[in-house]
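The values are calculated or read from the model by the stated rules, or taken from the named source; none is laboratory data. Keep in mind that this is a model prediction, so the values were computed, not measured. A quick note on method: Cβ atoms are made from the backbone with ideal geometry, for glycine too, and the neighbour counts reach across all protein chains shown.
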Amino acid sequence: MKKIDHKLKVLAIIVLVTVVAGIIVIATKGFNFDLRYEQSKRIELDIGKEFEISDIKSIVDEIKPNEEILIQKVEVFEDCVSITAKEITEEEKTTITNKVNEKYGTELSIENIEIQDIPHTRLLDIIKPYIMPLIISTFIILVYLSIRYRNLKISKVISKSLISIIISQAVLVSIIAIARIPIGKIAVLMVLSIYILNMIAITSKFEKEKLKLEETE
């Protein structure tokens, strides 16, 4: 029993330190956002024919080596390319356009290509589509757990479940902030994965408690 208590204390300290450190990082540095959501620059080149993303990437890498670049096909026929970077200068725009013209035999006019300013996307706007589904799914799960494990006391089941969800997500968000994991699809997937694993762990724990209670009866 003493060993278990000691392990719980150590775990509680680790959780507390992680969350506090996460809060400090968020307050001082904020989150690290994926390029899709950061303030950035973008140019679009209407090539007008099929092209390979790898070819455009090779061209851009020559001009902006070792930089995070987002290259996407746009338009219905995917004959237009969008190039996004933290910064794109007029000189870089000119060089990229000339190299694309040389590669694909096009005659893109540099004057007709604008460098667009892409504003930073707020964190709330990124997570907004997931808030309501998570609330609804959590409510349904809590109702299910309360019914299935009603002999363990409904208040106990609900409180333990909510505390477990809050702590696990707080630790994960803190780790994302401390490790500077970019806020984007990967971070959202991590949050959802931990949420699912946490619910599985909670269910497993209640199942064991239910079996013990039935054995004593």
Scan of region 167-185 for residues that are part of a helix (DSSP H, G or I) and loosely packed, with under 12 Cβ neighbours inside 10 Å, ordered by number: LYS185
Residues (within 28 Å of the chain's Cα centre (by Cα), modelled with pLDDT of 90 or more and more than 22 Å from ASP125 (Cα to Cα)) located in region 35-52: ILE43, GLU44
Enumeration of residues in region 5-34 that are more than 19 Å from ILE175 (Cβ to Cβ) and at pLDDT 90 or above: none
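For (1) under 27 Å from PRO182 (Cβ atoms); (2) of a type in the set (Gly, Ala, Ser); (3) exposed (fewer than 13 other Cβ atoms within 10 Å of the Cβ), each residue gets a yes or a no:
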residue	(1), (2), (3)
LYS7	no, no, yes
ILE59	yes, no, no
GLU62	yes, no, yes
VAL74	yes, no, no
ASP79	no, no, no
THR106	no, no, no
Matching option when the condition is assigned by TED's automatic domain parsing to the domain that holds LEU16 and either more than 24 Å from VAL17 (Cα to Cα) or in contact (Cβ under 8 Å) with a residue 24 or more places away in the chain (or both), among LEU134, LEU172: LEU134
Among (1) of a type in the set (Ser, Thr, Tyr); (2) in contact (Cβ under 8 Å) with a residue 60 or more places away in the chain; (3) farther than 16 Å from LEU123 by Cβ - the single one SER193 does not satisfy: (2)
Residue in region 202-210 that is more than 32 Å from the chain's Cα centre (by Cα) and aromatic (Phe, Trp, Tyr) present: no
Flag for GLU114 being touching a helix residue (DSSP H, G or I) at 6+ places or on another chain (Cβ under 7 Å), assigned to a loop (DSSP other than H, G, I, E, B) and either assigned by TED's automatic domain parsing to the domain that holds LYS210 or surrounded by fewer than 12 Cβ atoms within 10 Å (Cβ to Cβ) (or both): no
Some residue of region 87-103 being surrounded by 10 or more Cβ atoms within 10 Å (Cβ to Cβ), over 15 Å from ARG42 (Cα atoms) and among the polar types (S, T, N, Q): yes
Residues (farther than 15 Å from LYS73 by Cα, without any contact (Cβ under 8 Å) to a residue 24 or more places away in the chain and surrounded by 12 or more Cβ atoms within 10 Å (Cβ to Cβ)) located in region 24-57: ILE24
Residue in region 150-159 that is part of a loop (DSSP other than H, G, I, E, B), exposed (fewer than 14 other Cβ atoms within 10 Å of the Cβ), charged (D, E, K, R) and more than 31 Å from the chain's Cα centre (by Cα) present: yes
Count of residues meeting criterion [aromatic (Phe, Trp, Tyr), closer than 16 Å to VAL157 by Cα and surrounded by 13 or more Cβ atoms within 10 Å (Cβ to Cβ)] in region 129-143: 0
Neighbours by Cβ (under 8 Å, 6+ apart or cross-chain): first from region 1-20, in the same structural domain as VAL171 (by TED's automatic domain parsing) and of a type in the set (S, T, N, Q); second modelled with pLDDT of 90 or more and in a helix (DSSP H, G or I): THR18/VAL171; THR18/SER174; THR18/ILE175; THR18/ILE178
PRO182 under 20 Å from ILE194 (Cα atoms), in contact with an Asp or Glu (Cβ under 7 Å, 6 or more places away or on another chain) and assigned by TED's automatic domain parsing to the domain that holds PHE206: yes
